[in-house]
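Below you'll find the structure, written out as structure tokens, and then a few comments.
The values are calculated or read from the model by the stated rules, or taken from the named source; none is laboratory data. Not measured: the values here are computed from a predicted model. Methodologically, a virtual Cβ is constructed for each residue, glycine included, from the backbone with ideal geometry; neighbour enumeration extends over all protein chains shown.
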Amino acid sequence: MPITDFPVVLQIKDPLHGYIGVSEIEKKIIDLRLTQRLRNIRSPAGTHLVFPGVDTSVMGRMFGVMYVTEVFVEHLDGSLEEVEKARLASMMFILSFGPWSNVMEEYLTTRGDDRRRMATLIAEIGPVADILNDSSYSVTEIKNLITKGVPIKGIRVDLLTTPINPELVDNLERDAYFAGVEYAQLEFRRLFDATRIAKNKMAFQRGAMYTLDSYLSASGNMFDAVYYHKTARAAELMLLRMLDEAGSNFIPFPGNDLEGFMFCDDLTSHDILLSVQPEDPENMRTAQRLFIDYRKRNLIKLASARTIANEEFLAGLKTADGLFSVENEIAEMAGIDPQNVFIDYPDRLSVAYYPGRHNMDDLVFYERGSGGYEFWPVDDLSEMARAFKRKLKTIRVYTTRGYRSKVRKVADEFLKNVDEPM
């Protein structure tokens with residue numbers, strides 16, 4: 001299906017992709033207050049404190065993701081209807097972002113409101129549901145796209161998890177462009193051209209393995225240089241601690257008050273935190289102190305870091321209780337308040353992207369010969385894909401100013417003791 005078939009009623013100028021067409025139903029959704037708030041949400045939340053040019057909004061990101069999703073589905077030989085459905089599904093996923101974007105995603109997911117649930121709520125409640133009901137699509141149909149994936153050639157493509165991922169492609173190019181780094185030089189049309197649905201599998205042309213490796217390399221490099229940058233993560237850990245301390249006091253839970261949540265953006269959060277008074281609860285005053293330091297760029301400091309292979313320890317960090325237990329133990333050993341210790345690990349949800357976030361086991365290499373299709377697991381042939389399965393994780397321990405030497409000594413010893421011998 002050529003792009004010119006898409007029913008365009010409005011064009012948006014994008015710095016990466018040029019003019020991006022918007023359909024009538026998409027325009028109606030864009031005009032809503034819940035969409036316009038995305039102009040005031042930075043994504044990723046803390047990267048601008050390291051790369052000043054990365055002052056990108058979720059609103060701008062939405063158009064790029066919709067466009068790249070369209071190109072992706074076209075290369076899978078999707079029909080015009082499938083392209084329109086995929087763009088709407090990608091739009092719902094972007095609308096699911098709240099203040100502080102990737103940081104809020106972790107905060108909500110650990111409390112039962114992940115992006116898929118958020119997108120579903122947006123589609124079935126309020127003004128978006130009214131627009132969908134007045135269109136040729138039903139709310140139920142859009143919810144199925146969100147929860148089950150977009151039906152294309154006999155399979156359902158989940159836009160959140162598909163290993164050849166349109167949202168990731170746009171994010172990599174956009175973040176590299178605005179950060180001024182050269183780590184994400186992607187030929188995404190070639191990447192999509194080598195991707196197909198074969199025998200009910202998402203498959204990638206074996207002869208184009210270098211293109212897949214380039215995509216994986218770009219995502220890994222952006223993780224190392226941008227998304228897991230120690231200073232950017234320091235800022236995001238402070239935002240996450242503010243939410244853990246007092247988030248329910250200034251951000252309504254979407255499951256309880258979707259309309260209230262959808263009114264919030266970075267600016268409303270900033271205003272509430274800066275307006276905290278001495279008589280307000282202690283957790284709000286703690287959040288305010290953190291936020292004032294964040295605004296002044298008086299960030300927490302990296303005290304210790306070590307690459308860990310202990311799978312039991314790493315699994316424990318992924319639970320709220322396990323993470324708190326480690327922070328508390330290090331704080332006790334250092335003789336300081338646990339509020340002054342912050343643990344970070346690579347594959348936590350508030351990291352905008354990390355290797356392995358999209359499961360490469362859901363993709364296979366293919367060749368088509370006289371005997372039909374032949375398939376291979378991706379990590380059988382691709383060294384980059386195998387590297388993404390590495391068990392080693394770089395664990396970092398941060399602390400507030402004044403405690404760095406204390407925390408470094410005990411954290412170095414603590415991480416050394418939990419590490420497995422190589």
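Output yes when any residue across segment 378-390 is assigned to a strand (DSSP E or B) and either modelled with pLDDT of 90 or more or not charged (D, E, K, R) (or both), and no when none is. No, that holds for no residue.
Evaluate segment 95-105: report whether one residue or more is closer than 25 Å to residue 363 by Cβ, touching a residue at least 60 places away in the same chain (Cβ under 8 Å) and under 17 Å from the mean Cα position of the chain (by Cα). Yes; the residues of segment 95-105 include at least one that is closer than 25 Å to residue 363 by Cβ, touching a residue at least 60 places away in the same chain (Cβ under 8 Å) and under 17 Å from the mean Cα position of the chain (by Cα). Look at residue 315 and say whether it is within 18 Å of residue 397 (Cα to Cα), free of Cβ contacts under 8 Å to residues at least 60 places away in the same chain and either exposed (fewer than 13 other Cβ atoms within 10 Å of the Cβ) or aromatic (Phe, Trp, Tyr) (or both). Yes, satisfied. Screening segment 1-17 for residues that are over 23 Å from residue 172 (Cα atoms) and touching a helix residue (DSSP H, G or I) at 6+ places or on another chain (Cβ under 6 Å) and picking the one that is surrounded by the most Cβ atoms within 10 Å (Cβ to Cβ) gives 1.
When segment 18-35 is filtered for residues that are assigned to a helix (DSSP H, G or I) and either in contact with a helix residue (DSSP H, G or I) (Cβ under 9 Å, 6 or more places away or on another chain) or of a type in the set (Val, Ile, Thr) (or both), the ones remaining, listed by number, are 25, 26, 28, 29, 30, 33, 34, 35. Which members of segment 318-327 meet the condition of being surrounded by fewer than 16 Cβ atoms within 10 Å (Cβ to Cβ) and either β-branched (Val, Ile, Thr) or touching a Pro at 6+ places or on another chain (Cβ under 6 Å) (or both)? Of everything in segment 318-327, just one residue is surrounded by fewer than 16 Cβ atoms within 10 Å (Cβ to Cβ) and either β-branched (Val, Ile, Thr) or touching a Pro at 6+ places or on another chain (Cβ under 6 Å) (or both), namely 319. The residue list 228, 177, 215 contains one member that is touching a residue at least 24 places away in the same chain (Cβ under 8 Å) and in contact with a helix residue (DSSP H, G or I) (Cβ under 8 Å, 6 or more places away or on another chain), which is 215.
Taking segment 138-227 as the region of interest, none of the helices (runs of 4 or more DSSP H) fully inside it holds 2 or more residues being at positive phi and among the polar types (S, T, N, Q).
Okay, residues lined up against (1) out of contact with any strand residue (DSSP E or B) (no Cβ under 7 Å at 6 or more places or on another chain); (2) of a type outside the set (A, V, I, L, M, F, W, C); (3) under 17 Å from residue 409 (Cβ atoms); (4) touching a residue at least 12 places away in the same chain (Cβ under 8 Å):
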site	(1), (2), (3), (4)
311	yes, yes, no, yes
327	no, yes, yes, yes
334	yes, no, yes, yes
341	no, no, yes, yes
344	no, yes, no, yes
352	yes, no, no, yes
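Of note, residue 401 satisfies the criterion of being farther than 27 Å from residue 163 by Cα, of a type in the set (D, E, K, R) and modelled with pLDDT under 95.
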